[in-house]
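Here the structure is laid out as structure tokens; the discussion comes afterwards.
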Amino acid sequence: QVQLVESGGGLVQAGGSLRLSCAASGRTFISYAMGWFRQAPGKEREFVAAISPSGAYIYYADSVKGRFTISRDNAKSTVSLQMNTLKPEDTAVYYCAAALRRGSGLYYNTREALSRPGEYADWGQGTQVTVSS
């Protein structure tokens with residue numbers, strides 16, 4: 001229902017910064033909670049950060065809290081992930097994902113809901129982030 005394209009990945013030295021961007025197509029961006037996930041070689045996809053449709057609720061994985069910042073611009077239909085103080089363990093393919101929120105519900109914007117990959121029906125193609133020592 002929504003197409004997502006990530007950009008901004010690349011190679012950076014430990015301690016450096018990168019800013020990932022995810023551009024969404026369509027006219028219903030404000031109906032979606034947005035999330036960032038990552039997957040390292042040989043590991044399962046893991047939650048990184050999420051933001052509710054209005055931006056009122058924001059969640060981070062413990063491993064990135066204080067270093068990463070998620071934001072969204074509903075007028076531009078984009079979501080970004082500013083990554084600072086990068087570590088080699090941040091190396092992964094990073095995916096942008098969208099979770100449609102029709103109506104309302106008690107679980108819609110909770111951390112429990114938005115940290116689950118299964119909540120997201122639409123995914124970007126991924127962008128590689130490599131952090132060298």
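The values are calculated or read from the model by the stated rules, or taken from the named source; none is laboratory data. Bear in mind the structure is a predicted one, so any value in this text is a computation, not a measurement. In this analysis, Cβ positions are derived from the backbone assuming ideal geometry, glycine residues included, and neighbour counts consider all displayed protein chains. Heavy atoms of the whole protein, side chains included, go into the accessibility calculation; ligands, DNA and RNA do not. Shrake-Rupley method; radii C 1.70, N 1.55, O 1.52, S 1.80 Å.
Per-structure values
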{"read-out": "Failed item in (1) closer than 20 Å to Q3 by Cα; (2) without any contact (Cβ under 8 Å) to a residue 40 or more places away in the chain; (3) surrounded by 14 or more Cβ atoms within 10 Å (Cβ to Cβ), with Y60 passing the rest", "value": "(1)"}
{"read-out": "Residues of the stretch 96-116 satisfying the condition of being within 16 Å of Y60 (Cβ to Cβ) and touching a Lys or Arg at 6+ places or on another chain (Cβ under 9 Å)", "value": "N109"}
{"read-out": "Filter result for the condition that a residue is within 14 Å of E89 (Cα to Cα) and without any contact (Cβ under 8 Å) to a residue 12 or more places away in the chain, over G16, G42", "value": "G42"}
{"read-out": "Residue that is farthest from the chain's Cα centre (by Cα), among those in the stretch 69-119 that are more than 23 Å from Q1 (Cβ to Cβ) and buried (at least 21 other Cβ atoms within 10 Å of the Cβ)", "value": "L86"}
{"read-out": "Residue check for A49: open to solvent by less than 30 Å² (accessible area, probe 1.4 Å) and either assigned to a helix (DSSP H, G or I) or of a type in the set (G, A, S) (or both)", "value": "yes"}
{"read-out": "Residue satisfying all of: in the stretch 1-32; part of a strand (DSSP E or B) and of a type in the set (V, I, T); nearest to the chain's Cα centre (by Cα) among these", "value": "V5"}
{"read-out": "In the stretch 111-133, residue farthest from S17 (Cα to Cα) [restricted to those that are part of a loop (DSSP other than H, G, I, E, B) and among the small types (G, A, S)]", "value": "A121"}
{"read-out": "Hits in the stretch 9-32 (condition: closer than 19 Å to N74 by Cα, touching a Ser or Thr at 6+ places or on another chain (Cβ under 7 Å) and open to solvent by 20 Å² or more (accessible area, probe 1.4 Å))", "value": "R19, S21, A23"}
{"read-out": "Given (1) open to solvent by less than 50 Å² (accessible area, probe 1.4 Å); (2) more than 17 Å from R116 (Cα to Cα); (3) hydrophobic (A, V, I, L, M, F, W, C), index of the condition W36 fails", "value": "(2)"}
{"read-out": "Scope the stretch 120-133; condition among the polar types (S, T, N, Q) and buried (at least 19 other Cβ atoms within 10 Å of the Cβ); matching residues", "value": "T127"}
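Residues checked against (1) closer than 16 Å to F47 by Cβ; (2) in a strand (DSSP E or B); (3) in contact with a Phe, Trp or Tyr (Cβ under 8 Å, 6 or more places away or on another chain):
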{"position": "K76", "(1), (2), (3)": "no, no, no"}
{"position": "L81", "(1), (2), (3)": "yes, yes, yes"}
{"position": "V93", "(1), (2), (3)": "yes, yes, no"}
{"position": "A99", "(1), (2), (3)": "yes, yes, yes"}
{"position": "N109", "(1), (2), (3)": "yes, no, yes"}
